[in-house]
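The values are calculated or read from the model by the stated rules, or taken from the named source; none is laboratory data. Fair warning: this is a prediction, and the values are worked out from it, not measured in the lab. Every residue, glycine among them, receives a Cβ derived from its backbone with ideal geometry; neighbour counts consider all protein chains shown.
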Amino acid sequence: LQSKLPGVSTTIFSVMSKIAAEYNAINLSQGFPDYPCDPKLVELVNKAMKDGFNQYAPMPGNIFLKETVAEKVEKLYHVKYNADTEITVTAGGTQAIFTALTAIINPGDEVIIFEPAYDSYAPTVKLLGGLVKTYELAPPQYAIDWDMVKKLFTANTRMIILNSPQNPTGSILSKEDMKSLIKLINGTDILILSDEVYEHLIYDDHQHQSVMLFPELRERSFIVASFGKLLHATGWKLGYCLAPDKLTKEFRKVHQFNVFSVNSPMQQAIADYIKEPGHYNGIATFFQEKRDYFRRLMAESRFDLLPCNGSYFQCAGYSKISDEKDVDFSMRLIKDFGVATIPVSAFYQKATDHKIIRFCFAKENSTLALAAEKLKNV
Ligand code: PMP
Ligand code: GLN
């Protein structure tokens, strides 16, 4: 059989969570909370089922949910998206990314990504016959030199994928970054896929610079959001895509044959839940406290903590501890120390080993304390 994705194996998140379970290790690898979501959400799903939301939702999403999202976005960013024509409810951020790329990328089109990058981007582009052009971010700041990004432009550049706050580095884009990007794409027809699933997880008084805040970017952007991150319910696999009318039309042409529509009772429940204004208040503080707690604990270890301005990931260098490859080192951490992490080399396409691993701190403080206690001995 001729593989459509030679060189791609099972995603690192499945691999590490499986090994973590086999060794009964504390799982700080795959990004998901180890504490329950709000029980009120679960009640609202039950209510939605009892109220009869058990058949197909409308193809682009539950109308009430799309309107609620439009209100939220307007309140938060002072930007209007039309619920009818510019918002589509998806099966998580992953499907939104896949569908947006599928709607746009033709064989030979080039897509610029910033590595280390979330692992779904590159394989999806390749599956569509697109070419991935990589800008490598340098640790520890993972900053972008936009003049160097420009060097990647060719006549075939079709899209740039942004991700702020970024997985796995926890870095964020600043207003200056956005202004540089605007200059760069001015006069081109390059589109943007802006993965903003961690929009609320931003710390130390930084402001999330959504592409929608910049009209020159907004008009050419698909914005991806995930309720999994917002509601501490990653297993629900619900999210949405915001894009101007023209782009949404293309998005929905694919969406209707990709999934048609997504889970109906949960859409209704989420709409009921997030219609309360301020449902996202406190989420940044909640995670910032976890970040700070974990960093304080880890200060007693030999790991070098990298900056973390957003997301629920903390990266750490271990070159003072070992010169093993990050994959080998993270395996040893599981087997000998009982803590599972993600080797950051998994977020690059070509072999790249900066001796950095990623911890997820969306965990009970007791889990973080237990893990740090073990990591102190490394
Ligand atoms: N983008 C990034 C950067 C992510 O970290 C994740 C999830 N972990 C996703 C997209 C996918 O989100 P979802 O789980 O809603 O599919
Ligand atoms: N986004 C999560 C992470 O980076 C996991 C997503 C997944 O398992 N596909 O860990």
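When both residues are 6+ apart or on different chains and their Cβ atoms are under 6 Å apart, which pairs have a first residue that lies in the stretch 106-120 and is modelled with pLDDT of 95 or more, and a second that is assigned to a loop (DSSP other than H, G, I, E, B) and among the aromatic types (Phe, Trp, Tyr)?
Glu115/Tyr348; Pro116/Tyr348
Quick check, is Ala316 among the hydrophobic types (A, V, I, L, M, F, W, C), surrounded by 15 or more Cβ atoms within 10 Å (Cβ to Cβ) and within 22 Å of the chain's Cα centre (by Cα)?
On the way: among the hydrophobic types (A, V, I, L, M, F, W, C): yes; surrounded by 15 or more Cβ atoms within 10 Å (Cβ to Cβ): yes; within 22 Å of the chain's Cα centre (by Cα): yes.
Here the answer is yes, as Ala316 does meet what is asked.
Every residue in the stretch 169-186 that is surrounded by fewer than 14 Cβ atoms within 10 Å (Cβ to Cβ) and over 21 Å from Gly310 (Cα atoms), please. Let's see the steps before the verdict.
Kept after step one, since they are surrounded by fewer than 14 Cβ atoms within 10 Å (Cβ to Cβ), are these residues of the stretch 169-186: 175-176, 183, 186.
Matches in the stretch 169-186: Lys183, Asn186.
Could you name every one of the helices (runs of 4 or more DSSP H) located completely within the stretch 75-168 that has at least 1 residues being within 16 Å of ligand 2 (Cβ to nearest atom) and surrounded by 22 or more Cβ atoms within 10 Å (Cβ to Cβ)? Steps first, answer last, please.
Details: elements: 92-104, 121-127, 146-150.
Ranges flagged: 92-104, 121-127.
Report yes if Ala48 is surrounded by 21 or more Cβ atoms within 10 Å (Cβ to Cβ) and assigned by TED's automatic domain parsing to the domain that holds Met331, otherwise no.
Values: surrounded by 21 or more Cβ atoms within 10 Å (Cβ to Cβ): yes; assigned by TED's automatic domain parsing to the domain that holds Met331: no.
Against the criterion (surrounded by 21 or more Cβ atoms within 10 Å (Cβ to Cβ) and assigned by TED's automatic domain parsing to the domain that holds Met331), Ala48 does not qualify.
Tally up the residues in the stretch 225-267 that are in a loop (DSSP other than H, G, I, E, B) and of a type in the set (Gly, Ala, Ser), please.
Let us first name the residues in the stretch 225-267 that are in a loop (DSSP other than H, G, I, E, B), namely 231-233, 237-238, 243-244, 259-263.
Narrowing further to those that are of a type in the set (Gly, Ala, Ser): 233, 243, 261.
Residues that pass the stated criteria total 3.
Among the listed residues Lys325, Lys355, which satisfies the condition of being under 29 Å from Ala122 (Cβ atoms), touching a Gly at 6+ places or on another chain (Cβ under 8 Å) and without any contact (Cβ under 8 Å) to a residue 60 or more places away in the chain? Steps first, answer last, please.
Details: Lys325 fails: touching a Gly at 6+ places or on another chain (Cβ under 8 Å).
That would be Lys355, the only listed residue that is under 29 Å from Ala122 (Cβ atoms), touching a Gly at 6+ places or on another chain (Cβ under 8 Å) and without any contact (Cβ under 8 Å) to a residue 60 or more places away in the chain.
When both residues are 6+ apart or on different chains and their Cβ atoms are under 7 Å apart, which pairs have a first residue that lies in the stretch 256-274 and is in contact (Cβ under 8 Å) with a residue 40 or more places away in the chain, and a second that is outside any helix (DSSP H, G or I) and among the β-branched types (Val, Ile, Thr)?
That search, which allows pairs on different chains as well, returns Val262/Val89; Val262/Thr90; Gln267/Val89.
Specify which of the listed residues (Ser221, Ser174, Ser180) is within 21 Å of Tyr81 (Cβ to Cβ) and either among the small types (Gly, Ala, Ser) or in the same structural domain as Phe114 (by TED's automatic domain parsing) (or both).
Numbers: Ser174 fails: within 21 Å of Tyr81 (Cβ to Cβ); Ser180 fails: within 21 Å of Tyr81 (Cβ to Cβ).
Of the residues listed, the single one that is within 21 Å of Tyr81 (Cβ to Cβ) and either among the small types (Gly, Ala, Ser) or in the same structural domain as Phe114 (by TED's automatic domain parsing) (or both) is Ser221.
Among the residues of the stretch 194-211, is any closer than 18 Å to Lys246 by Cα and at pLDDT 95 or above? Talk me through it step by step, then tell me what you get.
Residues of the stretch 194-211 that are closer than 18 Å to Lys246 by Cα, as a first pass: 194, 211.
Filter again for at pLDDT 95 or above, leaving 194, 211.
Looking through the stretch 194-211, at least one residue is closer than 18 Å to Lys246 by Cα and at pLDDT 95 or above.
Does the stretch 287-300 contain any residue that is in a loop (DSSP other than H, G, I, E, B), closer than 18 Å to Pro140 by Cα and out of contact with any Asp or Glu (no Cβ under 6 Å at 6 or more places or on another chain)?
Here is the first cut: in the stretch 287-300, the residues in a loop (DSSP other than H, G, I, E, B) are 299-300.
Within this subset, residues satisfying the condition of being closer than 18 Å to Pro140 by Cα are 299.
Of the ones still in play, those that are also out of contact with any Asp or Glu (no Cβ under 6 Å at 6 or more places or on another chain) are 299.
Yes: one or more hits.
Looking only at the stretch 268-285, count how many residues are polar (S, T, N, Q) and either surrounded by 19 or more Cβ atoms within 10 Å (Cβ to Cβ) or outside any loop (DSSP other than H, G, I, E, B) (or both). I'd like the intermediate steps shown before the answer.
Let us first name the residues in the stretch 268-285 that are polar (S, T, N, Q), namely 268, 281, 285.
After this cut, where a residue has to be either surrounded by 19 or more Cβ atoms within 10 Å (Cβ to Cβ) or outside any loop (DSSP other than H, G, I, E, B) (or both) as well, the list is 268, 285.
Residues that pass the stated criteria total 2.
Quick grid of which residues meet (1) surrounded by 20 or more Cβ atoms within 10 Å (Cβ to Cβ); (2) away from ligand 1 (no atom under 14 Å from the Cβ); (3) of a type outside the set (Val, Ile, Thr):
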{"position": "Val211", "(1), (2), (3)": "yes, yes, no"}
{"position": "Arg218", "(1), (2), (3)": "yes, yes, yes"}
{"position": "Tyr240", "(1), (2), (3)": "yes, no, yes"}
{"position": "Phe251", "(1), (2), (3)": "yes, yes, yes"}
{"position": "His255", "(1), (2), (3)": "yes, yes, yes"}
{"position": "Met266", "(1), (2), (3)": "yes, no, yes"}
{"position": "Phe287", "(1), (2), (3)": "yes, no, yes"}
